[in-house]
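One structure below.
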Amino acid sequence: RTVCHTRNHSFCFIFCFFNQRFGIAAYRKYSSGSRYPNISLSSPLPGIPKPVFASVDGQEKYETKITTLENGLRIASQNKFGQFCTVGILVNSGSRYEAKYPSGIAHFLEKLSFSSTAQYGSKDEILLTLEKHGGICDCQTSRDTTMYAVSAEVKGLDTVVSLLSDAVLQPRLLDEEIEMTKMVVRFELEDLNMRPDPEPLLTEMIHAAAYRGNTVGLPRFCPVDNVDKIDRKMLHSYLRNYYSPERMVLAGVGIEHEQLVECARKYLLDVKPVWGTSTVANVDQSVAQYTGGIVKMEKDMSDVSLGPTPIPELTHIMIGLETCSFLEDDFIPFAVLNMMMGGGGSFSAGGPGKGMFTRLYLNVLNRHHWMYNATSYHHSYEDSGLLCIHASADPRQVREMVEIITREFIQMAGSAGEMELERAKTQLKSMLMMNLESRPVIFEDVGRQVLSTGRRKLPHELCDLISNVTSSDIKRVTTKMLRSKPAVAALGDLTELPSYEHIQAALSSKDGRLPRMYRLFR
């Protein structure tokens, strides 16, 4: 018997394997050393049994299974090996449906989630129940979806679905809970205006500019003036219209489909919600109307970041153009275009995987040292979409910064290089696949796709669609995008900001340059 005194256990294993199987002479023959011939790492070792590897067919073994119950509720599941599962209810509800209500109801419901219910006396009771199964809960609201999710041990599935049903359909909405939520919302609004990263505020502003006063342009966060207007009666009215079974999906990852369907029948089929049922739901069916326009917020940004090395005073600009819905075929080319533009902060570091070879790095941040940020974003909804570039720089250089961004938009319509396009496609596919290694991300992907389309495109299908994007597709979708009116959001010292008409003229020109301005006095 060989006793190993080395700390390198992998070396120890190989040494012992060789010694037991082939004797010490064989080990010496194939170990590296000047007296023995080296075996290339790409060649199999002589005398070693042929390895047997697990084989995959390039596609997912378990397809997403979908069942629709008699009341219209859809159940979607994706099996995934493991001890834990993620289960949740996604509702077709969000700030875009608040035209007939004071804005902010979806924001309120997000903060009120997992509070006391018919079955549980308080949020603490819910958390203690989940703790027994190693579980956590969360609720997130976007402009078009509200998502209640729980991650817990698979054996606690019955408890989890029962708890979700109670949290979504039987919340008590007590007066003290609503008052506490008002405090939380006010604090969040203050924090939004004070945080050094202005991206959430700019995203809010660009949507307000692009879809003025309708659907996805309605405020995602509750406006300060509306905080005191929202009460239980109003919340019940909204829930009665939007929290109906046909507008919901129960999604699960890491569980057997039949088990999830059984739990859904038990806890979600014949349950009467606390707000009662409505024979005719008054649902807002409005389609997003892209308007374009500008939203400006003059703000002193000089004291945003306190500390030993404060961020210099910056002016932030976001310029966006209309793209397409995520249901259209052009959604994939737009996603590739967004990846090709890439960008980030000027302090980021890393190799190609971090997007250092994207256009906003090569053409903007690497050439103009005074720019602090240039990042591309793509927001897509079931009836419209928005591709925008966020840039920040010193207030005195705002005009130059805007012209650099408008030139980048115009240059998108030029032909994309083969290597550049392949890199963007590979990066998009790798990002998609890496994100889908996480169970909560798979859950959200399954839920959102089934909620909006009734089915789920599997990762290999999406990768095939990405691979098929050509340079002419990028040129075609960009040309179409450049025909739309720009949406502009501006935050900070806006003394040097060009007029909206000048930005529009630059995006209609051949080279993206702003019209020249002649001043008698500077």
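The values are calculated or read from the model by the stated rules, or taken from the named source; none is laboratory data. What you see is a predicted model; the values in this text were computed from it and never measured. Here the Cβ positions follow ideal geometry from the backbone for every residue, glycine too, while neighbour counts run over all protein chains shown. Ligands, DNA and RNA are stripped out before the accessible areas are found, and what is left, the full protein with its side chains, is counted by its heavy atoms. Shrake-Rupley method; radii C 1.70, N 1.55, O 1.52, S 1.80 Å.
Side notes on the structure shown:
- Whole-number D in µm² s⁻¹ for the stretch 158-202, Kirkwood Cα-pair radius fed into Stokes-Einstein, 10 °C, 1.306 mPa s: 121
- For the pair S471 and L69, a Förster radius of 45 Å applied to the C-beta separation gives a FRET efficiency near 0.45, rounded to the nearest 0.05.
- Other-chain or far-sequence residues with amide H under 5 Å of T117's (modelled H): S122, R172
- Computed FRET value (nearest 0.05) for H369 with E496, which takes r as the C-beta separation and R₀ as 25 Å: 0.85
- Mean residue ellipticity (222 nm) of the chain, computed from DSSP H runs ≥ 4 via -39,500 (n - 2.57), nearest 500: -11500 deg cm²/dmol
- Going by accessible surface with a 1.4 Å probe and the largest first, M419, M431 read M419, M431.
- Based on Cα contacts under 8 Å between residues 6+ apart, the stretch 386-522 shows a relative contact order of 43 percent.
- Q119-M183 FRET efficiency (beta carbon distance; Förster radius 25 Å; 0.05 resolution): 0.45
- Over the chain, relative contact order from alpha-carbon pairs under 8 Å, at least 6 apart, %: 18
- Put a dot 7 Å past the Cα of D329, heading toward its Cβ, do the same for L436, and the two dots end up 2.1 nm apart.
- ³J(HN,Hα) computed for each position of the stretch 96-112 - Karplus, 6.51 cos²θ - 1.76 cosθ + 1.60, integer Hz, glycine/proline x: 5, 9, 9, 4, 8, 10, x, 4, x, 5, 4, 5, 4, 5, 4, 6, 7
- Length added when fully stretched, F53-M297, from 0.36 nm per residue minus Cα-Cα: 81.9 nm
- The calculated Kirkwood hydrodynamic radius for the stretch 65-269 is 17.9 Å, given to one decimal from all distinct C-alpha pairs.
- Spacing of the modelled spin labels on E262 and S42, each 7 Å from Cα toward Cβ, amounts to 5.3 nm.
- Between Q397 and K155, the simple label model (points 7 Å from Cα in the Cβ direction) yields a spacing of 6.1 nm.
- The stretch 65-269 - percent relative contact order, Cα under 8 Å, separation 6 or more: 41
- Sorted peptide list for 136-145, 481-490, criterion being average Cβ within 10 angstrom, highest first: 481-490, 136-145
- Under Karplus coefficients 6.51, -1.76 and 1.60, residue-wise ³J(HN,Hα) of the stretch 497-510 in Hz, glycine/proline x: 5, x, 5, 4, 4, 5, 5, 5, 5, 4, 6, 9, 7, 7
- Prolate/oblate/rounded call for the stretch 355-396, Cα gyration tensor, a/c under 1.5 rounded: oblate
- Placing a label point 7 Å from the Cα of S415 along the Cα-to-Cβ direction, the residues of the stretch 474-502 whose backbone N falls under 20 Å of that point are 474-480.
- Accessible carbon and sulfur surface of the stretch 185-272 relative to its total accessible area, %, 1.4 Å: 52
- Neighbourhood charge, 11 Å Cβ-Cβ cut-off, centred on R220 and excluding it, Lys, Arg +1 and Asp, Glu -1: -2
- Here the chain is treated with +1 on each Lys and Arg Cβ and -1 on each Asp and Glu Cβ, and its dipole about the Cα centre works out to around 1840 debye.
- Peptides 245-251, 219-225 ordered by average Cβ neighbours within 10 Å, highest first: 245-251, 219-225
- Amide H to amide H distances under 5 Å link R212 with T291, G292, where only residues 5 or more positions off or on other chains count and H is placed in the peptide plane.
- Seen from a random direction on average, the alpha-carbon convex hull of the stretch 409-454 projects onto 4.8 square nanometres.
- Backbone HN-Hα couplings from phi across the stretch 251-264 [Karplus 6.51/-1.76/1.60, Hz, Gly and Pro as x]: 10, x, 10, x, 9, 6, 4, 4, 5, 5, 4, 4, 5, 5
- Working value for the chain: equivalent-ellipsoid semi-axes of 43, 38, 23 Å, each the square root of 5 times a Cα gyration tensor eigenvalue, largest first.
- For L497, the accessible surface of its heavy atoms amounts to roughly 30 Å² (probe 1.4 Å, protein chains only, rounded to the nearest 10).
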